[in-house]
Amino acid sequence: MPYYRVVGEVPRKRHTQFRRPDGGLYAEELMGEEGFSSDSSLLYHRHLPTAIIKAEAVTPAVEPRLEPNLPLSPRHFRTQELTSAGDLVTGRMTLAGNGDVRLSYATSDRPSELYRNSMGDECVYVQRGRVRFESTYGVIEAAEGDYVVIPTGTIHRWVPQGGPANVLAIEAAGHIRPPRRYLSQYGQFLEHAPYCERDLRAPSEPLVVADEEVPVLVRTRGGLTRLVYRNHPFDVVGWDGYLYPFAFNIEDFEPIVKKTHAPPPVHQTFEGPGFVVCSFCPRPLDYHPEAVPIPYNHHNVDSDEFMFYVGGDYSARAGSGIDVGSISLHPAGFTHGPQPGAVEAVIDAVSRGVTTTSEVAVMVDTFRPLDLGQGALSCEDPGYAWTWAR
């Protein structure tokens, strides 16, 4: 993360003796990226974070399988039709993926078991419901519209509150960060950035639970393992550093507006290895007197566009079947844009005094082709590709 935080109790100097009330030493755990050469945080445990008493390989109930997007075509998936069999981790249904990122959808009212993704960072978008995110760093209360960004290796669990929660999970093969162009050379958000440090929510106090043996599901490139820890990992009395989970609500994104229609990079929210995440939010329409305030037909030859429609009115897609909960995939090799008649309809609406758009969407652009998962193929609208020709 771009700035330093300290939560709970920590000693004045790093790597010095820090004693429990009974005189014993707290155990340090350094969580760091890129081999001690990038961001890190130092956590202080009541017990050894290394003490495991059992390890067993885990075979997933459904083995994620990806298929090429062949024949090449635009796709429309209706997540409203998906039902998870597990929790917000084990119940993830793979929608699409490649070597850089996996995109999954889950809906559940069940608490997850403790989980550690040691393959890369995660960015989980809460489409609907409320969840309590618990981790070794503390608690984040998240709700509709929140992105929760989780550093690699963080032990955590999801606890839905008051009913089911629906989430889109973006699992990276590396690290997810704010775009570099938004940050100074020292990591502070610059004035032109569409959000800043004040918009980010991180744990504010330690989470210490009753001590007990507990299993943790761990994902590595080799597969899944369930490790049993002698002591519950939620025993951290304090931590400090630049690396920690945080939440950012899409409503706090400040759209950038031009006289004429601006391209998707103005909506960029995060970047990962081989992909970017963008937030499309309500904003004033383009205000040039002869502007066409709607996306133009475009062919981004270097990326696939995965768009999750989460709220508002999608005037550019009228007649396509796209609705709240829909996901469109527009692959490289295909030119896409507004539905027939949408440009004229929006220009007419502007002439009648409409000045804003209400759409809310989360977009993931990847720089390698996305293959298709069984979750997406099970809820595909087979007629979508032909809607521009009607």
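Can you find, among 124, 145, 40, the residue sitting farthest towards the positive end of the charge dipole of the chain, where Lys and Arg contribute +1 and Asp and Glu -1 at Cβ?
After comparing all options, I get 40.
Given a Förster distance of 41 Å, report the FRET efficiency between residue 9 and residue 190 from their Cβ-Cβ distance, rounded to the nearest 0.05.
0.75
Would you grab the residues whose amide H sits under 5 Å from the one on residue 165? Only those 5+ places off in sequence or on another chain, please, with H modelled 1.01 Å from N.
Under 5 Å from the amide H of residue 165: 108, 109.
Along the Cα→Cβ direction, 7 angstrom out, place labels at residue 22 and residue 299. What is the inter-label distance in nm?
Result for the modelled spin labels: 7.0 nm.
For the range 196-331, what is Rg from Cα atoms divided by 2.2 N^0.38 Å, rounded to two decimals? It would help to have the intermediate numbers written out before the result.
Numbers: Rg = 21.4 Å, N = 136, 2.2 N^0.38 = 14.2 Å.
Cα-based Rg divided by the globular estimate yields 1.51.
Grab the Cα-Cα distance for residue 141 and residue 70, subtract it from 0.36 nm times how many residues apart they are, and report the gain in nm with one decimal.
Full extension from residue 141 to residue 70 adds 21.5 nm.
Please give the helix 342-351 orientation as an angle from the longest Cα principal axis of the chain, in degrees from 0 to 90, rounded to the nearest 10.
That helix lies at roughly 90 degrees to the long axis.
Could you do me a favour and compute the accessible area per residue for the range 291-390, 1.4 Å probe, result in Å²?
Here the residues of the range 291-390 average 44 Å² of exposed surface.
Please state the charge dipole magnitude for the chain, taken about the Cα centre, from unit charges on C-beta atoms (+1 on K and R, -1 on D and E), reported in debye and rounded to the nearest 20.
Dipole of the chain, to the nearest 20 debye: 480 debye.
Just to verify a number: FRET efficiency for residue 290 and residue 226, C-beta to C-beta distance, R0 = 51 Å, to 0.05?
0.25
Apply the Karplus parameterisation 6.51 cos²θ - 1.76 cosθ + 1.60, with θ equal to phi minus 60°, to every residue of the range 252-264 and state each ³J(HN,Hα) to the nearest whole Hz, in sequence, with x for glycine and proline.
Along the range 252-264, the couplings run 8, 6, 9, x, 9, 10, 10, 5, 10, 5, 8, x, x Hz.
Looking only at 118, 38, 320, which one moves most when the chain is put into a Gaussian network model with springs between Cα atoms under 10 Å?
With Cα springs under 10 Å in the chain, the top fluctuation among 118, 38, 320 is at 38.
In the Gaussian network model of the chain, springs joining C-alpha atoms below 10 Å, which of 161, 339, 185 carries the largest mean-square fluctuation?
Residue with maximal mean-square fluctuation among 161, 339, 185: 185.
Going by amide H atoms built from the backbone, whose H comes under 5 Å of the H on residue 96, apart from near neighbours?
103, 373
The values are calculated or read from the model by the stated rules, or taken from the named source; none is laboratory data. Every value quoted in this text rests on a predicted model; they were computed, and no experiment measured them. Cβ sites come from the backbone with ideal geometry, for glycine too, and all protein chains shown count toward neighbours. For accessibility, only protein heavy atoms count, side chains too; no ligands or nucleic acids. Shrake-Rupley method; radii C 1.70, N 1.55, O 1.52, S 1.80 Å.
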